[in-house]
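The values are calculated or read from the model by the stated rules, or taken from the named source; none is laboratory data. Please read these numbers as outputs of a predicted model, since none were measured by experiment. FYI the Cβ positions are ideal-geometry reconstructions off the backbone, even for glycines, and counts take in every protein chain you see. Just the protein is used for accessible areas: all its heavy atoms, side chains included, with ligands, DNA and RNA removed. Shrake-Rupley method; radii C 1.70, N 1.55, O 1.52, S 1.80 Å.
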Amino acid sequence: MTPFFSVSHLSKRYEWEGRAVQALADVSFTLERGETLGLAGPSGCGKSTLARIIMRLSPADSGQVRFEDQDWLNLRGRELRAARRRMQMVFQDTHGAFNPRATVEDAIGDPLRIHHVVASGQRPYEITRLLERVGLSPDMGKRPVLHLSGGQRQRVAIARAIACRPSLLVMDEPVSALDISIRAQILELLVSLQSETGLSCLFVSHDLAVIRAVCHRVAIMESGRIVEYGQTGRIISSPQSDTAKRLIAAVPTLRLQDKNHV
Ligand SMILES: Nc1ncnc2c1ncn2[C@@H]1O[C@H](COP(=O)(O)OP(=O)(O)OP(=O)(O)O)[C@@H](O)[C@H]1O
Ligand SMILES: [Mg+2]
């Protein structure tokens with residue numbers, strides 16, 4: 001069976017003022033339905049570049065992405081619009097991700113309207129349902145998104161992303177800007193949403209403790225390449241690459257747990 005989502009031999013080089021960075025070099029992986037794959041690695045290793053290419057926010061130099069049996073990077077027109085609805089993104093920056101004048105209702109209602117997810121008369125009920133699903137009170141609808149706390153804003157971003165009923169959610173450091181207690185709540189929300197809807201997720205984070213909380217498998221990246229790839233538990237308990245070892249060493253709670261295993 002062909003995987004639900006696959007990335008094959010993706011490469012990307014940035015060049016400016018005579019200098020060049022190979023941001024991605026021959027990156028390949030697969031993702032199954034209902035699976036969360038983590039992309040972890042040090043700053044500058046190419047995680048956001050990969051997420052942006054997958055979302056078609058930036059072009060690849062070479063390589064292929066297959067999404068629900070389609071050649072995703074080459075889709076155009078109506079096919080692209082239909083498939084776009086099935087792939088949504090949540091960013092780290094909860095401020096910049098919204099129109100500064102948008103209310104919570106606008107932020108969640110726009111994708112419902114644009115993609116005709118429900119009939120217009122049903123839209124207020126659907127907004128209420130989505131707000132409740134992400135743990136926000138329906139009274140929040142009229143409030144400007146920018147007046148909310150970071151954690152509340154990230155819940156609105158998740159509600160907006162799932163409004164279109166996507167099959168794949170791409171998240172770039174979605175909890176990195178949040179306090180630790182809020183972070184745990186958002187991760188719990190993601191795990192429960194996923195088990196409820198069978199959503200697949202690509203989850204970018206430099207923090208392996210966060211990856212461990214939500215990801216079935218993880219790809220460890222360094223300098224634009226995947227250097228290790230496998231079950232999250234296995235990689236955390238017996239890392240093979242220096243990069244994975246360094247990422248584990250950077251998280252004290254993982255280090256302690258690792259010692260207890262020995
Ligand atoms: N638009 C761009 N122009 C030139 N170089 C870029 C551009 N975007 C990213 N890069 C370079 O590509 C490399 C990968 O960057 P990227 O943002 O993908 O890393 P990252 O893994 O997301 O890092 P971080 O953890 O800090 O977010 C870096 O060397 C970066 O400087
Ligand atoms: Mg990044």
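Go over the candidates Ser62, Ser8, Ser58 one by one and state the one that is within 14 Å of Arg225 (Cα to Cα) and surrounded by fewer than 21 Cβ atoms within 10 Å (Cβ to Cβ). Let's see the steps before the verdict.
Details: Ser62 fails: within 14 Å of Arg225 (Cα to Cα); Ser58 fails: within 14 Å of Arg225 (Cα to Cα).
It is Ser8.
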Gly38 vs (1) of a type in the set (Gly, Ala, Ser); (2) within 16 Å of ligand 2 (Cβ to nearest atom); (3) assigned to a helix (DSSP H, G or I): all pass except (3)
Test Asp242 against the criterion of being of a type in the set (Asp, Glu) and under 17 Å from the mean Cα position of the chain (by Cα), and give yes or no. no
So how many residues does segment 216-239 have that are more than 16 Å from ligand 1 (Cβ to nearest atom) and either touching a Gly at 6+ places or on another chain (Cβ under 8 Å) or assigned to a helix (DSSP H, G or I) (or both)? 7
Just a yes or no: is a residue in segment 201-208 among the β-branched types (Val, Ile, Thr) and closer than 15 Å to Pro42 by Cα? yes
Matching residues, segment 174-210, being under 20 Å from Val7 (Cα atoms) and within 14 Å of ligand 2 (Cβ to nearest atom): Leu202, Phe203, Val204, Ser205
Return yes or no: is Leu193 assigned to a helix (DSSP H, G or I) and away from ligand 1 (no atom under 16 Å from the Cβ)? yes
Quick check: is even one residue across segment 76-89 buried (at least 17 other Cβ atoms within 10 Å of the Cβ), in contact (Cβ under 8 Å) with a residue 24 or more places away in the chain and within 11 Å of ligand 1 (Cβ to nearest atom)? no
Take Ala20 and tell me if it is of a type outside the set (D, E, K, R), open to solvent by less than 20 Å² (accessible area, probe 1.4 Å), more than 20 Å from the chain's Cα centre (by Cα) and within 14 Å of ligand 1 (Cβ to nearest atom). no
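For segment 120-131, which positions are open to solvent by 70 Å² or more (accessible area, probe 1.4 Å) and at pLDDT 95 or above?
Scanning segment 120-131 gives Gln122, Pro124, Tyr125, Arg129.
Does segment 25-33 include one or more residues that are part of a strand (DSSP E or B), within 16 Å of ligand 2 (Cβ to nearest atom), open to solvent by less than 50 Å² (accessible area, probe 1.4 Å) and closer than 30 Å to Val191 by Cβ?
Filtering segment 25-33 for residues part of a strand (DSSP E or B) gives 25-31.
From what is left, the residues that are within 16 Å of ligand 2 (Cβ to nearest atom) are 27.
Filter once more, keeping what is open to solvent by less than 50 Å² (accessible area, probe 1.4 Å): 27.
Adding the requirement that they be closer than 30 Å to Val191 by Cβ leaves 27.
So far as segment 25-33 goes, yes, one or more of its residues are part of a strand (DSSP E or B), within 16 Å of ligand 2 (Cβ to nearest atom), open to solvent by less than 50 Å² (accessible area, probe 1.4 Å) and closer than 30 Å to Val191 by Cβ.
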